[in-house]
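To start, the structure under review is shown below, and the notes come after it.
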Amino acid sequence: MSAGGVGTSRPLPEAMQEAMRGVSWHASLPCPPLAALRALDLPYFDFAGTECEGLLITSALLADQVLGIFAGLWALRFPIHSIRPMTEFAGDDGLSMAANNSSCFNARRIRGTTRLSSHSYGAAIDINPVQNPIIREGIVRPDAGRAYLDRKDLRPGMIVEGSAALQVFLDAGWSWGGHWQEPLDYHHFFRADVKS
C-alpha cells in the first residue's frame, strides 16, 4: 500500500489488455488504443474503515490527476465500496452499478443513444452508484439507489452539493452529473475535454 493514500500508475499488462479486448475495449469503437490507458492501483477506505486497494483503468492523459483525486478522497477517509475494472463485470455497466462498484474506463455508447460515453475515453469516473444513483426519466439505477433518493439524508458514501468529496473533483477541473437536469447522475464525474 502506498504511503499517504497516493496510488501508483502503470501501463496495462499484456494479460489485462487481453482480458479487455471485446469486453471493455472494442476495436470497432473510436476509443483510445490500449497503450494510451493506464492501470492505477489505488488505496481507499471501505465502509468499515478498512484500507483496501483497488484497480482503476483511466486515460494516460489523466492518470496523475486521477491519482490526486483519489488521494484527496483517501485523505477525507471517504468510503468507497469497491474499485474494480469493468472486465470483472463483462463490461456491463448495469452489473457494475448493482455491485456498487466505482470504475472509470469502459468503451460503450451512452444508454439509448449512438454517442460514446466519456467512459470510453477513460475520462469519467463513477463513485458508489448505490449511494449516488442515476435518475433518468424517473427510473432509478441501480435499484438499491432508491434508498438514497433523499439527498438531504446524508449517509456515508454519498456525494452531495457542498460535500468535501465533490469539491475534490471540482478542484481538479472535473464536472459532475449531479449538476445535470436530465438525467441526474450523482455517481458520474467526467472531463468532457478529453477524447483520446
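The values are calculated or read from the model by the stated rules, or taken from the named source; none is laboratory data. Keep in mind that what you see is a predicted model, and the values were worked out from it rather than measured. Neighbour counts are summed over all protein chains in view; Cβ atoms, including those assigned to glycine, are modelled from backbone coordinates with ideal geometry.
Only residues that are in contact with a Pro (Cβ under 8 Å, 6 or more places away or on another chain), assigned to a helix (DSSP H, G or I) and modelled with pLDDT under 95 were counted across the stretch 1-59, and they come to 1.
Being in contact with a Cys (Cβ under 7 Å, 6 or more places away or on another chain) and either buried (at least 22 other Cβ atoms within 10 Å of the Cβ) or not β-branched (Val, Ile, Thr) (or both), is that true of even one residue in the stretch 125-145? Looking for residues that are in contact with a Cys (Cβ under 7 Å, 6 or more places away or on another chain) and either buried (at least 22 other Cβ atoms within 10 Å of the Cβ) or not β-branched (Val, Ile, Thr) (or both), one finds at least one in the stretch 125-145, hence yes. For beta carbons closer than 7 Å, sequence separation of 6+ or different chains, a first residue in the stretch 108-125 that is within 16 Å of Gly94 (Cα to Cα) and basic (Lys, Arg) and a second that is at pLDDT below 95 and part of a strand (DSSP E or B), the qualifying pairs are Arg109/Leu116.
Looking only at residues in the stretch 84-135 that are part of a loop (DSSP other than H, G, I, E, B) and among the small types (Gly, Ala, Ser), the one that is nearest to Glu182 (Cα to Cα) is Gly112.
Figure legend. Inter-residue proximity from the stretch 173-196: first residues under 12 Å from Ile135 (Cα atoms), second residues surrounded by fewer than 19 Cβ atoms within 10 Å (Cβ to Cβ) and of a type in the set (Val, Ile, Thr), beta-carbon distance below 7 Å, spacing 6+ or different chains. Indicated pairs: Pro183/Ile135; Leu184/Ile135.
Applying the selection to the stretch 153-170, what residues are of a type outside the set (Lys, Arg) and free of Cβ contacts under 8 Å to residues at least 40 places away in the same chain? If the condition is that a residue be of a type outside the set (Lys, Arg) and free of Cβ contacts under 8 Å to residues at least 40 places away in the same chain, then Asp153, Leu154, Met158, Ile159, Val160, Glu161, Gly162, Ser163, Leu166, Gln167, Leu170 are the ones that fit.
Pairs meeting the criteria (first residue in the stretch 131-149 and at pLDDT below 95, second residue not in a strand (DSSP E or B), beta carbons under 7 Å, at least 6 apart or on different chains) are Arg136/Pro183. Taking residues in the stretch 66-85 that are free of Cβ contacts under 8 Å to residues at least 40 places away in the same chain, and partners anywhere that are of a type in the set (Phe, Trp, Tyr) and assigned to a strand (DSSP E or B), the pairs with Cβ atoms closer than 8 Å and at least 6 places apart or on different chains are Arg77/Phe45.
Working carefully through the options Glu88, Glu53, find the one that is free of Cβ contacts under 8 Å to residues at least 24 places away in the same chain and not small (Gly, Ala, Ser).
It is Glu88.
Yes/no per residue for (1) β-branched (Val, Ile, Thr); (2) in contact with a helix residue (DSSP H, G or I) (Cβ under 7 Å, 6 or more places away or on another chain); (3) closer than 16 Å to Gly122 by Cβ; (4) buried (at least 20 other Cβ atoms within 10 Å of the Cβ):
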site: Arg10; (1), (2), (3), (4): no, no, yes, no
site: Asp41; (1), (2), (3), (4): no, no, yes, no
site: Gly49; (1), (2), (3), (4): no, no, no, no
site: Leu55; (1), (2), (3), (4): no, no, yes, no
site: Trp74; (1), (2), (3), (4): no, yes, no, yes
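Which of the residues belonging to the stretch 156-196 are more than 16 Å from Val140 (Cβ to Cβ) and part of a helix (DSSP H, G or I)? Within the stretch 156-196, Ala164, Ala165, Leu166, Gln167, Val168, Phe169, Leu170, Asp171, His179 meet the criteria.
Can you find a residue in the stretch 62-71 that is under 12 Å from Cys104 (Cα atoms), in contact with a Leu (Cβ under 7 Å, 6 or more places away or on another chain) and crowded, with 16+ Cβ neighbours inside 10 Å? So far as the stretch 62-71 goes, yes, one or more of its residues are under 12 Å from Cys104 (Cα atoms), in contact with a Leu (Cβ under 7 Å, 6 or more places away or on another chain) and crowded, with 16+ Cβ neighbours inside 10 Å.
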